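Q: Here you go, one structure.
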Ligand SMILES: Nc1nc2c(c(=O)[nH]1)N[C@H]1C(S)=C(S)[C@@H](COP(=O)(O)O)O[C@H]1N2
Ligand SMILES: [Mo]
């Protein structure tokens, strides 16, 4: 039995979102009376303390990777989100305000000279911030263009001091079912996990965002820090990161674990390689009614195509 709950305007007709298939399983569980607890959550926004990093924004813009246009309206990008920990529809932004982002500790482990933990404000104090305007392309075919503030991922990797055996960096989202209600749903492989090959992590395009639209990044967009790898489908961009583990083993990400026929490790944007359930040829910018062509590597081929010339045996586009 399939229960389609997505609104029609989100996707081409008669298609469910990738996440939709799991929504359906969840709905069945609820129908059977097992998932009721996760329904009973009010959307209260709690009062916020002052953000100690607020004075760091806005940061100078780095336009080396272009300044794509038109910029998505801030309101769109901050009220239409994928953050499954808070709910499976796009309107989780109010619920996400319950996430407390101070204190926030990031744990560094695995193949590093010495494992350590660092607080977000100590980390921010060590790194210059810059703004970059990047395209974002969700595998569901919506897209946006937003100004992130943060630092190149390679600056963070340098602080972590991985050893020569490290081949991958694995990043995880906070685990806190008391504020992230969907984490009580054990059909999903929490915590949300994603990873990059070391050369991808060291590519200068790969960014860690701590800000958005010249301000500290909103909770719904992955506060206090999230990955931004703009040539990959959006699901790679793990939010609200609490750990980096350097490994010689390729991690299996959240979506790959759920549905490996549909989601893989590399997940590079390619309009010519359809998702098993829909075309990836075009996309719908948030706030627009027209679809536009999708670009190879989401428009970043000149910066990242070289990462894959020796990986042609891999499934690079799913
Ligand atoms: N922890 C976590 N990170 C996540 C997700 C999620 O559900 N949980 N969704 C991903 C997906 S599918 C997309 S498209 C982007 C959406 O980012 P945005 O809401 O800031 O646009 O976040 C990614 N990171
Ligand atoms: Mo996505």
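The values are calculated or read from the model by the stated rules, or taken from the named source; none is laboratory data. Everything numeric here is computed off the predicted structure, so don't read it as measured data. Here the Cβ positions follow ideal geometry from the backbone for every residue, glycine too, while neighbour counts run over all protein chains shown.
Q: Answer yes or no as to whether residue 128 is at pLDDT 95 or above and surrounded by fewer than 16 Cβ atoms within 10 Å (Cβ to Cβ). Spell out the reasoning first.
A: Numbers: at pLDDT 95 or above: yes; surrounded by fewer than 16 Cβ atoms within 10 Å (Cβ to Cβ): yes.
Yes: the conditions hold for residue 128.
Q: Among 143, 109, which is within 16 Å of ligand 2 (Cβ to nearest atom) and touching a strand residue (DSSP E or B) at 6+ places or on another chain (Cβ under 6 Å)?
A: 143
Q: Give just the number: which of (1) surrounded by fewer than 18 Cβ atoms within 10 Å (Cβ to Cβ); (2) touching a strand residue (DSSP E or B) at 6+ places or on another chain (Cβ under 8 Å); (3) assigned to a loop (DSSP other than H, G, I, E, B) does residue 72 not satisfy?
A: In the conditions (1) surrounded by fewer than 18 Cβ atoms within 10 Å (Cβ to Cβ); (2) touching a strand residue (DSSP E or B) at 6+ places or on another chain (Cβ under 8 Å); (3) assigned to a loop (DSSP other than H, G, I, E, B), residue 72 misses (1) alone.
Q: Taking region 218-236 on its own, how many of its residues are more than 6 Å from ligand 1 (Cβ to nearest atom), assigned to a helix (DSSP H, G or I) and out of contact with any helix residue (DSSP H, G or I) (no Cβ under 8 Å at 6 or more places or on another chain)?
A: So the answer is 1.
Q: Now for a different question. Just to check your reading of the model, which residue among 293, 271 is surrounded by 13 or more Cβ atoms within 10 Å (Cβ to Cβ) and either touching a strand residue (DSSP E or B) at 6+ places or on another chain (Cβ under 9 Å) or farther than 23 Å from residue 206 by Cβ (or both)? I'd like the intermediate steps shown before the answer.
A: Details: 293 fails: surrounded by 13 or more Cβ atoms within 10 Å (Cβ to Cβ).
Within the list 293, 271, the selection yields 271.
Q: Give me the residue from region 146-162 that is part of a strand (DSSP E or B) and over 14 Å from residue 206 (Cβ atoms) and, out of that set, nearest to ligand 2 (Cβ to nearest atom). Please lay out each step first, then the result.
A: If we filter region 146-162 for residues that are part of a strand (DSSP E or B), which is where we start, we get 146-152, 162.
Narrowing further to those that are over 14 Å from residue 206 (Cβ atoms): 146-147, 149, 162.
Working: 146: 14, 147: 19, 149: 21, 162: 28 Å.
Per the stated criteria, the residue is 146.
Conditions (1) more than 22 Å from residue 199 (Cβ to Cβ); (2) out of contact with any strand residue (DSSP E or B) (no Cβ under 6 Å at 6 or more places or on another chain); (3) assigned to a strand (DSSP E or B), marked per residue:
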| site | (1), (2), (3) |
| --- | --- |
| 245 | no, no, yes |
| 252 | no, yes, no |
| 261 | yes, yes, no |
| 283 | yes, no, yes |
| 298 | no, no, no |
| 302 | no, yes, no |
| 310 | no, yes, no |
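Q: Follow-up. Out of (1) in a loop (DSSP other than H, G, I, E, B); (2) within 16 Å of ligand 2 (Cβ to nearest atom); (3) out of contact with any strand residue (DSSP E or B) (no Cβ under 8 Å at 6 or more places or on another chain), the odd one out for residue 178 is which?
A: (2)
Q: Sort out which residues of region 91-116 are under 19 Å from the mean Cα position of the chain (by Cα) and free of Cβ contacts under 8 Å to residues at least 40 places away in the same chain, and write them in order of number.
A: Within region 91-116, 91 is the sole residue that qualifies.
Q: If a residue has to be within 8 Å of ligand 1 (Cβ to nearest atom) and free of Cβ contacts under 8 Å to residues at least 12 places away in the same chain to count, how many in region 66-89 make the cut?
A: Number of matching residues: 0.
Q: If you don't mind, there's one more thing I want to ask. Looking at the structure I just gave you, is residue 252 surrounded by fewer than 24 Cβ atoms within 10 Å (Cβ to Cβ), closer than 20 Å to residue 103 by Cβ and touching a residue at least 24 places away in the same chain (Cβ under 8 Å)? I'd like the intermediate steps shown before the answer.
A: On the way: surrounded by fewer than 24 Cβ atoms within 10 Å (Cβ to Cβ): yes; closer than 20 Å to residue 103 by Cβ: no; touching a residue at least 24 places away in the same chain (Cβ under 8 Å): yes.
No, not satisfied.
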